[in-house]
Protein chains: 2
Amino acid sequence: MCEANAYIIENDTETLIMEAVDKVEPDEGGIRIVSIFGEQKFIKGYIHSLGLVDHKVYIKKADG
Amino acid sequence: MCEANAYIIENDTETLIMEAVDKVEPDEGGIRIVSIFGEQKFIKGYIHSLGLVDHKVYIKKADG
């Protein structure tokens, strides 16, 4: 399996918001994150950075 | 191995720009993409979307 975990970074802190992320797509002023299990979350933010060897997707909130 | 390949999407066309991507990080008005081999590329653009099960990182150019 080659999915990653999604974290929100805010003030140098990482908060895990979803495991086993498959897709991240732009959606109405933010992004929609979809796991391999079909779980979905909408975040008003954007993809900040990736560390795929560490299985990490970093997301920043739009106003953060 | 759980890296992805990076593609630029432009006019509904995907162009492969780097294989085996590890890190993607913001850098001076664009993003820096680093492969597991240490190869680096700078793109004046941003991470548009991800499809990790398909090993795909989509990048859009800032002016595109």
Accessible-area composition of the stretch B:6-47, carbon plus sulfur, in percent [1.4 Å probe]:
45 percent
For A:G51, go 7 angstrom from Cα along the Cα-to-Cβ vector, then report the distances to that same point in the other copies in nm, smallest first.
2.7
Separation between the B:V53 and A:I36 pseudo-spin-labels, each 7 Å from Cα along Cα→Cβ, expressed in nm?
0.9 nm
Lys and Arg at +1, Asp and Glu at -1: add these up for the other residues within a Cβ distance under 10 Å of B:K23 and post the number.
-2
Could you work out Rg/(2.2 N^0.38 Å) for the stretch B:4-61, with Rg from alpha carbons only?
1.01
Going down the list A:K23/B:K44; A:K61/B:K44; B:K23/B:K56, which pairs span over 18 Å between their C-alpha atoms?
A:K23/B:K44; A:K61/B:K44
Summed for both chains, how many Å² of accessible area, to the nearest 100, are buried between A and B with a 1.4 Å probe?
1600 Å²
Neighbouring partner chain Cβ atoms per residue of B:50-63, average, 10 Å criterion:
4
Dipole magnitude of the protein assembly as shown, debye to nearest 20 (Cβ charges: Lys/Arg +1, Asp/Glu -1, about Cα centre)
180 debye
Solvent-accessible heavy-atom area per residue, rounded to whole Å², over chain A at 1.4 Å
56 Å²
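The values are calculated or read from the model by the stated rules, or taken from the named source; none is laboratory data. In this text, all values refer to a predicted model and were calculated from it rather than measured experimentally. Cβ coordinates were reconstructed from backbone atoms using ideal geometry, including for glycine residues, and neighbour counts include every protein chain displayed. Please note that ligands, DNA and RNA were not included when accessible areas were found on the heavy atoms of the full protein model with its side chains. Shrake-Rupley method; radii C 1.70, N 1.55, O 1.52, S 1.80 Å.
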